[in-house]
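Reading through the structure tokens given below for one structure.
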Number of protein chains: 2
Amino acid sequence: MLEPDAYQTDAFIIRSSEIDLTGRLALPSLVSLLQEAANLNAGRLGFSIADLSVYGLGWVLMRLKINILHWPGDGDTLRIASFPTHRDKYFISRDYHGFDQTGRAVVQASSTWLTFSTESRTMSQLPELMQAVTLPDLSYLPKLPPKLRFSGEPIYTDTCRVRRHHVDHNRHTNNSAYVQMLFDALPPHLDEPHELAELDLFFKTETFLNDVLRAETVATEQPDQFWHRLSRPADGKDIVIARSGWRLHDEG
Amino acid sequence: MLEPDAYQTDAFIIRSSEIDLTGRLALPSLVSLLQEAANLNAGRLGFSIADLSVYGLGWVLMRLKINILHWPGDGDTLRIASFPTHRDKYFISRDYHGFDQTGRAVVQASSTWLTFSTESRTMSQLPELMQAVTLPDLSYLPKLPPKLRFSGEPIYTDTCRVRRHHVDHNRHTNNSAYVQMLFDALPPHLDEPHELAELDLFFKTETFLNDVLRAETVATEQPDQFWHRLSRPADGKDIVIARSGWRLHDEG
């Protein structure tokens, strides 16, 4: 396990507005904080969104797997170390290690990103400025398999529309909004007395303002494991596939 | 105008996830940051939500008027000074002065709060620990009139449901979510090339998880002024009334 001082961290003090109905840091807020830490680290390494836009490129999150060891609460500090790990011609991976104010590890996550042409919206090779970055000499979390697949009938569903506050400056739905939408279709009361222990996300297709999306939750043979799907009925495309793992809430 | 060092401030670095489709700090995020600054100041003065809960009391925002002089963008720092101003038997007022990283005033806001019994959900007198607080010796923004009233037919409407991520630990909808819902019913393209200059909000009734709400925008005789209403069709209650003022976006 990474030590809290092994790599530069960005510190976020959890705000009351980031607490959800369970009293813990809201999952969409955690996803936003991980993404913010990624942005900040990429900026320090010279491949921020602004750096890439000079070349007509953008980067986008394809896979994200989060393990929550201890959920932060209101007023806690979450210090996140985030750094690139693996890299090939098209994909770059990034790990996250989150610590609380006492230095205890509370969150671990790994992710896979790709770059795309902002004009043609098609995938591109990683540009030289990303190929040139030195990967830190630290232990990395396991590489994520590229895909997630499941079959099964939903036990809960919900429908939602992509709204103003779900989209970024490019009118693309942000990843935090997807997590909100997926978790609107949670089985009621699943999250009390249970809490989310891990979430594995595969972001497949981009969506835009006013798209109508359908969220589904699918049970598995394990009572503490679920599949989730967000799809766009208008064209039948899968938008996000996810798998969640839950545990009984431990007050400690 | 208050000087940036006239009173203690809390600093917030604007995150990419807080930027909306216009490229500016999202209005719901601004409302959250003002509320966070209020919470932090109340805590330092001894009447935080936790302090009041010992007496079976809570405080709730009834009125909020925001003037945005310059919209913060991604990576900007917003330093907020917030302090109580006027106070009587039932109501306490609070001002906010927001500054950017250069010390320039960017946001001013005033607000009115009341306390209520968390058990009976009825309004209570301000408790002694709030009556005892010394109000700072600073110039205050004008007191807000208690009510907002308008009539007129909506030019745009929208319907939404109170979802998991709209509610706080008590399953009450948070004020930031109300602002999201109100602005889902904005006339399309109003906010480009225009930008919000002021917003006056009256929070009338609380709502809960899964309530269905209707948002309306009503035009006025001024092309840059609108009324907004959020209501609950199930019981016909008004939830939020608001008035917005807009200006042409100034790149400076």
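Only the coordinates and a few stated rules stand behind these numbers; no lab work does. Everything quoted here is computed from the prediction, not taken from an experiment. Cβ placement follows ideal geometry from the backbone for every residue including glycine, while neighbour counts extend to all protein chains displayed.
How much FRET efficiency would the formula 1/(1 + (r/R0)^6) give for residue B:11 and residue B:235, where r is the Cβ-Cβ distance and R0 is 51 Å, rounded to 0.05?
Values: r = 42 Å, r/R0 = 0.82.
So the FRET efficiency works out to roughly 0.75.
For a paramagnetic label modelled at 7 Å from the Cα of residue B:224 toward its Cβ, which residues of region B:1-33 fall within the zone defined by backbone nitrogen distances under 20 Å?
B:22-25, B:27, by backbone N distance to the label point.
Considering only the label points, 7 Å along Cα→Cβ from Cα, what distances in nm to one decimal separate residue A:149 from the same position in each other copy, shortest first?
In ascending order, 6.5 nm.
Lysines within cross-link reach of residue A:65: Cα-Cα under 27 Å, excluding same-chain residues under 8 positions apart?
Cα-Cα hits under 27 Å: A:89, A:143, A:147, A:204, A:237.
Once the label point is placed 7 Å from Cα along Cβ, list for residue A:105 the distances to the corresponding points in the other copies, in nm, shortest first.
Shortest to longest, the spacings are 5.0 nm.
Any idea how far the Cα center of region A:207-252 sits from the one of region B:100-161, in Å?
With region A:207-252 and region B:100-161 each reduced to a Cα centre, they are spaced 38 Å.
Please find the FRET efficiency linking residue B:189 to residue B:210, where r is the Cβ-Cβ separation and R0 is fixed at 25 Å, and quote it to the nearest 0.05.
Step by step, r from the Cβ atoms, then E = 0.20.
Nearest-to-axis residue of chain A, judged by Cβ, for the A-to-B rotation, with distance in whole Å?
Nearest Cβ to that rotation axis, in whole Å: A:160, 5.
Return the single residue from B:207, B:85, B:22 with maximal mean-square fluctuation; model: Gaussian network over chain B, springs between Cα atoms under 10 Å.
With Cα springs under 10 Å in chain B, the top fluctuation among B:207, B:85, B:22 is at B:22.
Could you tell me the calculated FRET efficiency between residue B:53 and residue B:101, based on Cβ-Cβ distance and R0 = 35 angstrom, to the nearest 0.05?
So, using R0 = 35 Å, E works out to roughly 0.50.
Work through the residues other than residue B:53 whose Cβ is under 15 Å from its Cβ and net out their charges, Lys, Arg +1 and Asp, Glu -1.
Surrounding charge for residue B:53 is -3.
Add -39500 (n - 2.57) for each DSSP H run of 4 or more in chain A, then divide by its residues: what number comes out at 222 nm, to the nearest 500 deg cm²/dmol? Mind showing how you got there, number by number?
Working: 4 runs with 36 residues, N = 252.
Result for chain A: -4000 deg cm²/dmol, rounded to the nearest 500.
Based on DSSP, what percent of beta bridges with both residues in the protein assembly as shown are antiparallel, to the nearest 5?
100 percent
Just to confirm the numbers: residue A:223, label point 7 angstrom along the Cα-Cβ line, distances to the other copies in nm, shortest first?
6.4
Considering only DSSP states other than H, G, I, E and B, which chymotrypsin sites (Phe, Trp or Tyr not before Pro) in region A:123-207 qualify as loop sites with at most 13 other Cβ atoms within 10 Å?
Qualifying residues, ordered by number: A:150.
For chain B, set up a GNM with springs between Cα atoms under 10 Å and report which of B:46, B:103, B:152 has the largest fluctuation.
Highest fluctuation among the options: B:152.
If we count every other residue with Cβ under 13 angstrom of residue B:100's Cβ, Lys/Arg +1 and Asp/Glu -1, where does the sum land?
Cβ neighbours under 13 Å give a net charge of +1.
Just A:182, A:190, A:52 to compare: in a GNM of chain A, with alpha carbon springs under 10 Å, which one fluctuates most?
Result for chain A, Cα springs under 10 Å: A:190 fluctuates most.
Residues with beta-carbon under 10 Å from that of residue A:214, excluding residue A:214: net charge, scoring Lys, Arg +1 and Asp, Glu -1?
With Lys, Arg at +1 and Asp, Glu at -1, the neighbours total 0.
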